[in-house]
Amino acid sequence: MAARGENMRVNADRLWDSLMDMAKIGPGIAGGNNRQTLTDADAEGRRLFQTWCDEAGLTMGVDTMGNMFMTRAGTDPDALPVYVGSHLDTQPTGGKYDGVLGVLAGLEVVRSLNDLGIETKHPIVVTNWTNEEGARFAPAMVASGVFAGVHTLEYAYERKDPDGKTFGDELKRIGWLGDEEVGARKMHAYFEYHIEQGPILEAQDKQIGVVTHCQGLWWLEFTLTGREAHTGSTPMAMRVNAGLAMGRILEMVQTVAMENQPGAVGGVGQVFFSPNSRNVLPGKVVFTVDIRSPDQKKLDGMRARIEAEAPTICEALGVGCSVEAVGHFDPVTFDPTLVATVRKAAEDLGYSHMNIISGAGHDACWAAKVAPATMIMCPCVGGLSHNEAEDISKEWAAAGADVLLHAVIETAGIAE
Ligand code: GLV
Ligand code: MN
Ligand code: MN
């Protein structure tokens, strides 16, 4: 048992072993994971997490979005809980750490407190948010969004995956429809520990990212209407080519993002051609533009420009164009007191650190609407994420979890 005090550390081996055990569920095709939300693999991952939480003495609550809340009791009956967590769902070709690290490091904090015999005044709740990724059902972070009152439950239940299955039906089917009212819980504070998913910390040789902000996002779903026609026999002048319009819009998005440097990104990650046959010009193209910036004016300016220029591009080709915003959050400023707590924890532990802005979206962005919230980051190799080759070291994982442990103890208070 480690001594109680400034040098408290989590059990790095136990955290790593749990990460590796979780990664066995929903294996990918290239060493990572495909544990998409509300699949059988998601259900299995949840059950494993539940088993570990049972063993650690936590009490489970599940809400009607399937969010899992695992509570370690505090000593003060009036004190609101300190929440820690992230997500266990992955991209279709996801890594082993995106989200999973934050959930299992939360569990490791509790396991370490158990080992150390430390009781806290505030309860601690380790959380697994449903569908953070938004890969199967857009938007991302939909369940924490309902929790924060940004989306309605009905809106979330109606989200459809590419096969037409709804979020509500799939949540029931996998057996994780809980009975708690979403958002009824109140938080004293929320901490989310996550891999950076970008190259900055590794390049700067820092162990810890003290996350001060998260950049905002728009997901714009375009539907372009052309005319299905033979790719061989239709003369160039007679084509109503929705695919070509998509290509020109993609180029335009790149230009808009480049003209908003520094601090803006834009790209397209998902495209559906219909009928998607080699020798048929597409009659319909649906694709999602993802634009982000920490600067609200830039973010909204990019959206306005893309929405203004896309119809002009399409018109010149005779292609129909409609657009719908399917995901959005404004740039977030995390709670300065909690940010300072994280920085002090890193300093006390002797870990190198720097302030950082999150490039990815996180459930912390919605939690910040209803409670003081912040994040902790660790580096990832080559900044690679949303890729099965995503990688971190055991030491990096443990350093952030140590910081989480100290920040949670500071915020939850040690019982007298
Ligand atoms: C969520 O994973 C995002 O796209 O940032
Ligand atoms: Mn994530
Ligand atoms: Mn992700």
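Taking the chain as a Gaussian network, Cα atoms linked when under 10 Å apart, which of PRO311, PRO275, PRO139 shows the biggest mean-square fluctuation? Looking only at PRO311, PRO275, PRO139, the biggest GNM fluctuation is shown by PRO275. In this calculation the C-beta distance from LYS369 to THR231 is compared with R0 = 51 Å, giving a FRET efficiency of 0.55. Structural descriptor for the range 301-416: relative contact order 25 percent, calculated from alpha carbon pairs under 8 angstrom and at least 6 residues apart.
The label-point distance for VAL268 and GLN254, in a model that sets each label 7 Å from Cα toward Cβ, rounds to 1.1 nm.
Considering only CYS314, CYS53, CYS378, the Gaussian network model of the chain with Cα springs below 10 Å gives its largest mean-square fluctuation to CYS314.
The length gained by stretching the chain between THR59 and ASP295 to full extension, at 0.36 nm per residue less their Cα-Cα distance, is 80.9 nm. Counting only cysteine Cβ atoms and a cutoff under 4.7 Å, the chain contains unmatched residues CYS53, CYS214, CYS365, CYS378, CYS380. Ranking of HIS87, HIS230 by neighbouring Cβ atoms within 10 Å, starting from the fewest: HIS230, HIS87. Computed from the Cβ-Cβ distance with R0 of 25 Å, the FRET efficiency linking ALA203 to ASN11 stands at 0.30. For VAL182, neighbours were defined as the other residues whose beta-carbon sits under 14 Å from its Cβ, and their charges (Lys and Arg +1, Asp and Glu -1) total -3. Across the range 42-81, C-alpha contacts under 8 Å between residues 6 or more apart give a mean separation that, scaled by the residue count, equals a relative contact order of 26 percent.
When you restrict to C-alpha pairs under 8 Å that are six or more residues apart and normalise by the size of the chain, the relative contact order lands at 24 percent. Counting Lys and Arg as +1 and Asp and Glu as -1 over every other residue whose Cβ lies under 13 Å from the Cβ of ALA310, the net charge comes to -3. When shorter helices are ignored and each DSSP H run of at least 4 residues is given -39500 (n - 2.57), the per-residue value for the chain at 222 nm works out to -11000 deg cm²/dmol. Note on the chain: GNM, Cα springs under 10 Å; of GLU158, GLU390, GLU192, the largest mean-square fluctuation is that of GLU158. This model, with +1 at the C-beta of Lys and Arg and -1 at the C-beta of Asp and Glu, gives the range 109-258 a dipole about its Cα centre of some 340 debye.
Read-outs: derived from the displayed coordinates by stated rules, not from any lab. Because the structure is predicted, anything quoted here is derived from the model rather than measured. Neighbour counts are summed over all protein chains in view; Cβ atoms, including those assigned to glycine, are modelled from backbone coordinates with ideal geometry.
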